[in-house]
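The values are calculated or read from the model by the stated rules, or taken from the named source; none is laboratory data. This structure is a prediction, so every number in the text was calculated from the model and none was measured. Glycine also receives a Cβ, built like all others from the backbone with ideal geometry; neighbour counts cover every protein chain displayed.
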Amino acid sequence: MSESGRVVRHKLSHRVFHWITAVCVLVLLTTSLLPILGIKFNWLMPHWIAGLVLIAAVLWHIVAIVAARSLGYMWAGVRESMASASFVLAIVTGKSAHSVKPGKYSLAQKIFHLAASVVVLVAAATGIIMMIGIDTPFWDRDPYFVTEQTRGIVFVAHGMATLISITMIIVHVYFALRPEKRYFLRSMISGWITRREYEDNHDPKLWNEDKQ
Ligand code: HEM
Ligand code: HEM
């Protein structure tokens, strides 16, 4: 829903979700990487707690998206992908081109979201397998849950998800702080963008401002 002059971009529950996931991912990265850099502390418990909170948040997110039937906002259609690709190609080859206004999210944001989903799901699935191998308040460790060989693959996949997520977050935060994308940052804090920002940057046919 929109007030006059303002269009709601992220309602409160979605903003809370984003910042919870952001804090969880940053806690996961600092707790796992600081000990490797020589700063030793009892990192394992905050690490798996942040992992479980992240998994719970993502499960809530998937249910909320299905309930709101807003999957289409993050879906990259063939026509939209081709239009964005030919625009980038024209820019790279120095030809003049008209940019096409996206719906709620640009193609780059949809690709980032897809990559973040894959990375988080791989980290979560492998993390749970690794957690079964340690003592927690919920269970005693079972070191033979997976074979030695599978454990190796699980560790590599978990580490790859970590490394890829670092690069992705650097790029994500860089774009969030860029002046022309600053209205996105405001919308992830306060929820709204101005009607002018909506009309200048988004196609109302692809993003119905009244559907959250
Ligand atoms: C794999 C299943 C997932 C599906 C089907 C899904 C789907 C969606 C959709 C459709 C939206 C657009 C909602 C809207 O703007 O109205 C969205 C937004 C978002 N997603 Fe996901 N997502 C998934 C996983 C994830 C994961 C793993 C993360 C965390 C890294 C994540 C983080 C976000 C964030 C931060 C937003 C923007 C905030 C919002 O408006 O909801 N998503 N997602
Ligand atoms: C702490 C630094 C972070 C900042 C400043 C930040 C900022 C933002 C902003 C401003 C948006 C809204 C873009 C829009 O309205 O379209 C957004 C969306 C999103 N954020 Fe973050 N974020 C941060 C950390 C993270 C982390 C750690 C993750 C998890 C991997 C994440 C995942 C997402 C996803 C999946 C979306 C939706 C897709 C998109 O809009 O690109 N963010 N973020």
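Picking from residues in segment 43-54 that are surrounded by 17 or more Cβ atoms within 10 Å (Cβ to Cβ) and in contact (Cβ under 8 Å) with a residue 40 or more places away in the chain, the one that is farthest from ligand 1 (Cβ to nearest atom) is Trp48. When the criteria are applied in full, Thr167 fails the requirement of being closer than 19 Å to Ala57 by Cβ and without any contact (Cβ under 8 Å) to a residue 60 or more places away in the chain. Has segment 14-32 got any residue that is under 22 Å from Trp207 (Cβ atoms) and away from ligand 2 (no atom under 16 Å from the Cβ)? Checked against the condition, which is being under 22 Å from Trp207 (Cβ atoms) and away from ligand 2 (no atom under 16 Å from the Cβ), segment 14-32 yields no hits at all.
Does segment 187-201 hold any residues that are in contact with a strand residue (DSSP E or B) (Cβ under 7 Å, 6 or more places away or on another chain) and more than 13 Å from ligand 1 (Cβ to nearest atom), and which are they? Lay out the reasoning, then the answer.
Within segment 187-201, the subset in contact with a strand residue (DSSP E or B) (Cβ under 7 Å, 6 or more places away or on another chain) is 187, 191-195, 198.
Across segment 187-201, the qualifying residues are Thr194, Arg195, Tyr198.
Could you figure out which of (1) without any contact (Cβ under 8 Å) to a residue 60 or more places away in the chain; (2) among the basic types (Lys, Arg); (3) within 14 Å of ligand 1 (Cβ to nearest atom) isn't true of Lys40? Lys40 satisfies every listed condition except (3). Residues in segment 108-117 that are more than 8 Å from ligand 1 (Cβ to nearest atom) and either in contact with an Asp or Glu (Cβ under 7 Å, 6 or more places away or on another chain) or under 24 Å from Ser32 (Cα atoms) (or both): Phe112, Leu114, Ala115.
Where residues in segment 5-37 are without any contact (Cβ under 8 Å) to a residue 60 or more places away in the chain and part of a loop (DSSP other than H, G, I, E, B), which of them is nearest to Ile189 (Cα to Cα)? Taking the candidates together, the pick is Leu34.
For segment 62-79, how many residues meet the condition of being of a type in the set (A, V, I, L, M, F, W, C), outside any loop (DSSP other than H, G, I, E, B) and near ligand 1 (Cβ under 8 Å from one of its atoms)? If you could, list the steps in order and put the result at the bottom.
Residues of segment 62-79 that are of a type in the set (A, V, I, L, M, F, W, C), as a first pass: 62-68, 71, 74-76, 78.
Within this subset, residues satisfying the condition of being outside any loop (DSSP other than H, G, I, E, B) are 62-68, 71, 74, 78.
Keeping just the survivors that are near ligand 1 (Cβ under 8 Å from one of its atoms) gives 62, 64-66, 68, 71, 74.
Residues in segment 62-79 being of a type in the set (A, V, I, L, M, F, W, C), outside any loop (DSSP other than H, G, I, E, B) and near ligand 1 (Cβ under 8 Å from one of its atoms): 7 in total.
Selection over segment 80-117 of residues that are modelled with pLDDT of 90 or more and either over 22 Å from Phe175 (Cα atoms) or not in a loop (DSSP other than H, G, I, E, B) (or both) gives a count of 11. The residue that is farthest from the chain's Cα centre (by Cα), counting only those in segment 192-206 that are in contact (Cβ under 8 Å) with a residue 12 or more places away in the chain and within 15 Å of Arg6 (Cβ to Cβ), is Arg195. Could we say that Ile128 is surrounded by 12 or more Cβ atoms within 10 Å (Cβ to Cβ) and in a helix (DSSP H, G or I) here? In short, yes.
Within segment 116-141, residues that are under 16 Å from His158 (Cβ atoms) sit with their Cβ atoms under 6 Å from residues that are among the aromatic types (Phe, Trp, Tyr), at 6+ positions apart or across chains, in these pairs: Met131/Trp48; Ile132/Phe145.
How about segment 131-150: which of its residues are within 17 Å of Trp48 (Cβ to Cβ) and exposed (fewer than 13 other Cβ atoms within 10 Å of the Cβ)? The answer is Asp135, Pro137, Phe138, Trp139, Asp140, Arg141, Asp142, Pro143. Mind listing just one residue for me: the one in segment 108-124 that is closer than 17 Å to Val53 by Cβ and surrounded by 15 or more Cβ atoms within 10 Å (Cβ to Cβ) and, of those, nearest to ligand 2 (Cβ to nearest atom)? Among them, the one singled out is Ala116. Report whether or not Trp48 is in a helix (DSSP H, G or I), aromatic (Phe, Trp, Tyr), farther than 28 Å from Asp200 by Cα and under 23 Å from the mean Cα position of the chain (by Cα). Yes; evaluated as a whole, the condition is true for this residue. Taken residue by residue, segment 82-103 has no member that is over 18 Å from Trp207 (Cβ atoms) and within 12 Å of ligand 1 (Cβ to nearest atom).
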